[in-house]
Amino acid sequence: MNTLPSPPSPSPSLTSLPVHPKLAGSHEPCDDQERAQVFQEIAARSVPVEHKGLPERLRQLSQFILTQPIEALLTLGLALLALQLLSLALNWGVLHAVFQIDEGACQSARGEGACWGMVGEKFRMILWGRYPYAEQWRCALSCALALGMLGWSVGSKAWTSKFRTITLWAWVITGLVIQALMSGNFLGLRVLPLWPSVETELWGGLPLTLILSLGSIALATPMGILLALGRTSEMPIIQSICVLYIELVRGVPLISVLFMASFMFPLLMPTLQTPDVLIRVLLGITLFSAAYTAEVVRGGLQAVDKGQLEAAQSLNLGYWQTQRHVILPQALAHIIPGMVNNFIAIFKDTSLVTIVSLYELTGALGLALNGDANWRPYKLEGYLFIAAIYFFFCFALSRVSQNLEHRLANR
Amino acid sequence: MTHPIDPLIEFKHVNKWYGAFHALKDINLKVQTGERVIICGPSGSGKSTLIRCVNALESYQEGELVVNGHTLGDDLKATQAVRQHVGMVFQQFNLFPHLTVLENLTLAPEKSQGLSKSRAQETAFEELHRVHIAEQADKYPAQLSGGQQQRVAIARALCMKPKIMLFDEPTSALDPEMIQEVLDVMVELAQAGMTMLCVTHEMAFARSVASRVILMDQGQMIEEAPPEVFFNAPKHPRTQAFLSALHRP
């Protein structure tokens, strides 16, 4: 009998000291009185003070690094080393550096100071590759568009439920506009007769890097999701095809995939009607990175509680409805760090397309240096320049991911 | 569906194995429209497995299980037809954490029943009122207490306008002071005439709403009786042992 549910016993007597007479009278009064006598409220204490001033910080720091003579010595030694490196960098990069485009000055400063004039002289070659000189504004405009979209995507508004669809469509449209700008054709049609048409093999530098990386990210993500769903599916044929694909592609270096896409694929085609080399390479990178994406997504799928699937099934949601509305939103939220890792890897892997004669950022730098013996000695400056560009974009991608993570964690 | 299909649920000699483990042994059970059947028993006795067979979350290997006129088996259409009319409430609530309470409730009616958004929301608010929680519609599940989450889960199942409600230990994951608010909702549901199949250890609840109480042990139905017989004059010694273990303080 004692398992009968009693009405939810109101027990404010535990928290508020003076027992309300009505409450106390409503059930076993002696019990409540007893509790009231036993209960002693502990007075609230003030929050411990957190010292945030600089002197206090320094004192704490000194406790860590100056406790033992050997530690103090190490600290001092490393500090000196750091100072030395900093001054070297400062001397080479700023104080003794040549900033104007002056080959003679660069020559006399060799070994002592950087020649940033090299970047000034060659930046159009590095940024836009072999694209016709007079038309390079189209490259600049394309990059500006992509940068603008990246900037919007970094912002906190872009992935709210209100703007998410708009953001995605804006990316699609940006992609099409960039394609039209760069080629002078719209999807192969000559609709912009004012602008000379530019063959894709002349595209290069930053626009090519952005097109290849953003394009393959956009294509590899849905493909990777499908592969991951296939690999976790209960249908044995689909499952084995996906496993085979993933394991095969992951076991092959990207360079060989690019070689096949660029040189072997046209040989295997029956006619000369092979797709453009840019498209072949883009697909090669996409097929390659989709395998990696698939495994990241599979990790996310496994992290979703099995009860979610059962709840969706009990509500009679179909397979695709369940994946689309229940499983994937949760799985993808788990794997944002892994996915962005992947994106950054793709971004930098695009530099491999140089070997099939597409001169993206790294390749274009090589072109710029190799074509001109006067400026060739200053390759370090050139590489630092493109390293800064790579870093900028990778950092932007990582900010997008942090922004997304933050959004998802807040709900 | 003009005339009611009876029995709504019928197990005919159903057997189920997990590998070599015989989980359900020769289950025979009929549930008529409007009946409230409570299943109890020790853990691992197969009571959750039995209830999960009813909406095909588990398959069975032998016998026949007919729900709402459809024989469950390999036929995907039959499975879907059954799930359309069978709601389920889980021990761990299984609300969709990335959706608000309202979105949890409208997702399935919109996607699997093809209701318009406004119609689905209308139904959702009706059901939220029924479980006394309409003011929480825009919150995410993690912002609610366990009892509130379970009531949302009940409302979510009710939004599909089910003929049968399955409850798989709906109060076992709750803090003691939250159990009653969920049981109250379930009692109201029972009083409204819902057909219920419920796995629970809340014996007082069983006593007050059950048409029949079933004791399961080691995959078998040991005893099946109306509550007054089950609690006061159980036939099987296993039932007596089970009840006395429950009543021990």
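The values are calculated or read from the model by the stated rules, or taken from the named source; none is laboratory data. This one's a predicted model, so the numbers in the text were calculated from it and none came from an experiment. Don't worry about glycine lacking a Cβ; one is built from the backbone with ideal geometry, like all the others, and counts go over all protein chains shown. In case anyone asks, the SASA skips ligands and DNA or RNA and just uses the protein heavy atoms, side chains included. Shrake-Rupley method; radii C 1.70, N 1.55, O 1.52, S 1.80 Å.
So here's what we get for this one:
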{"item": "Matching residues, segment B:100-112, being within 8 Å of chain A (Cβ to nearest Cβ) and of a type in the set (S, T, N, Q)", "result": "B:112"}
{"item": "First in segment A:348-375 and under 22 Å from residue A:98 (Cβ atoms), second anywhere and of a type in the set (Val, Ile, Thr) and crowded, with 18+ Cβ neighbours inside 10 Å, Cβ under 8 Å, 6 or more apart", "result": "A:365/A:126; A:365/A:386; A:368/A:126"}
{"item": "Residue within segment B:97-113 that is open to solvent by 60 Å² or more (accessible area, probe 1.4 Å) and farther than 22 Å from residue B:149 by Cβ present", "result": "yes"}
{"item": "Failed item in (1) touching a strand residue (DSSP E or B) at 6+ places or on another chain (Cβ under 9 Å); (2) at pLDDT 90 or above; (3) more than 23 Å from residue B:59 (Cα to Cα), with residue A:315 passing the rest", "result": "(3)"}
{"item": "Residue match in segment B:37-46 (condition: at the interface with chain A (Cβ under 8 Å from one of its Cβ atoms), under 30 Å from residue B:243 (Cα atoms), in contact (Cβ under 8 Å) with a residue 40 or more places away in the chain and of a type in the set (S, T, N, Q))", "result": "no"}
{"item": "Residues (polar (S, T, N, Q) and within 12 Å of another protein chain (Cβ to nearest Cβ)) located in segment B:162-178", "result": "B:171"}
{"item": "Identity of the residue in segment B:51-89, more than 13 Å from chain A (Cβ to nearest Cβ), assigned to a loop (DSSP other than H, G, I, E, B) and in contact (Cβ under 8 Å) with a residue 40 or more places away in the chain, that ends up surrounded by the fewest Cβ atoms within 10 Å (Cβ to Cβ)", "result": "B:61"}
{"item": "Test set (1) open to solvent by 50 Å² or more (accessible area, probe 1.4 Å); (2) over 15 Å from residue B:158 (Cβ atoms); (3) facing chain A (nearest Cβ under 9 Å) - residue B:118 fails condition number", "result": "(3)"}
{"item": "Only listed residue being open to solvent by less than 60 Å² (accessible area, probe 1.4 Å) and under 28 Å from the mean Cα position of the chain (by Cα), chosen from A:278, A:317", "result": "A:278"}
{"item": "Scan of segment B:32-50 for residues that are assigned to a loop (DSSP other than H, G, I, E, B) and open to solvent by less than 50 Å² (accessible area, probe 1.4 Å), ordered by number", "result": "B:34, B:35, B:41, B:42, B:45, B:46"}
{"item": "Segment A:305-341 - residue that is in contact with a Leu (Cβ under 7 Å, 6 or more places away or on another chain) and in contact (Cβ under 8 Å) with a residue 24 or more places away in the chain and, of those, farthest from the other protein chains (Cβ to nearest Cβ)", "result": "A:340"}
{"item": "Among (1) touching a helix residue (DSSP H, G or I) at 6+ places or on another chain (Cβ under 7 Å); (2) away from chain B (no Cβ under 14 Å); (3) surrounded by fewer than 20 Cβ atoms within 10 Å (Cβ to Cβ), the one test that residue A:375 misses", "result": "(3)"}
{"item": "Residues that are in contact (Cβ under 8 Å) with a residue 60 or more places away in the chain and facing chain A (nearest Cβ under 7 Å), drawn from segment B:90-99", "result": "B:90, B:92"}
{"item": "Residue B:124 being open to solvent by 20 Å² or more (accessible area, probe 1.4 Å), among the hydrophobic types (A, V, I, L, M, F, W, C) and over 25 Å from residue B:242 (Cα atoms)", "result": "no"}
{"item": "Unmet criterion (only one of (1) in a helix (DSSP H, G or I); (2) more than 28 Å from residue A:389 (Cα to Cα)) for residue A:210", "result": "(2)"}
{"item": "When residues of segment B:10-31 are limited to those that are open to solvent by 60 Å² or more (accessible area, probe 1.4 Å) and in contact with an Asp or Glu (Cβ under 8 Å, 6 or more places away or on another chain), the one nearest to residue B:209 (Cα to Cα)", "result": "B:30"}
{"item": "Criterion violated by residue A:233 - all others in (1) at pLDDT below 95; (2) over 30 Å from residue B:157 (Cα atoms) satisfied", "result": "(2)"}
{"item": "Every residue from segment A:165-221 that is surrounded by fewer than 18 Cβ atoms within 10 Å (Cβ to Cβ), at pLDDT below 90 and aromatic (Phe, Trp, Tyr)", "result": "A:186, A:195"}
{"item": "Test: residue in segment B:218-227 that is surrounded by fewer than 18 Cβ atoms within 10 Å (Cβ to Cβ), within 14 Å of chain A (Cβ to nearest Cβ) and more than 30 Å from residue B:21 (Cα to Cα)", "result": "no"}
{"item": "Those residues of segment A:143-164 which are open to solvent by less than 50 Å² (accessible area, probe 1.4 Å), small (Gly, Ala, Ser) and out of contact with any Ser or Thr (no Cβ under 9 Å at 6 or more places or on another chain), in sequence order", "result": "A:151, A:155"}
{"item": "Selection within segment A:346-367 - closer than 21 Å to residue A:287 by Cβ and open to solvent by 40 Å² or more (accessible area, probe 1.4 Å)", "result": "A:348, A:349, A:352, A:354, A:355, A:357"}
{"item": "Count of segment B:188-202 residues which are within 9 Å of chain A (Cβ to nearest Cβ) and open to solvent by less than 10 Å² (accessible area, probe 1.4 Å)", "result": "0"}
{"item": "Some residue of segment A:80-89 being open to solvent by 50 Å² or more (accessible area, probe 1.4 Å) and either under 19 Å from residue A:383 (Cα atoms) or not in a helix (DSSP H, G or I) (or both)", "result": "yes"}
{"item": "Matching residues, segment B:160-173, being hydrophobic (A, V, I, L, M, F, W, C) and either part of a helix (DSSP H, G or I) or open to solvent by less than 20 Å² (accessible area, probe 1.4 Å) (or both)", "result": "B:160, B:164, B:165, B:166, B:167"}
{"item": "Close pairs (7 angstrom Cβ cut-off, 6 or more residues apart or separate chains): of a type in the set (A, V, I, L, M, F, W, C) in segment A:134-162, open to solvent by 80 Å² or more (accessible area, probe 1.4 Å) anywhere", "result": "A:154/A:399; A:158/A:152; A:159/A:407"}
{"item": "Test: residue in segment B:21-31 that is without any contact (Cβ under 8 Å) to a residue 60 or more places away in the chain and not in a strand (DSSP E or B)", "result": "no"}
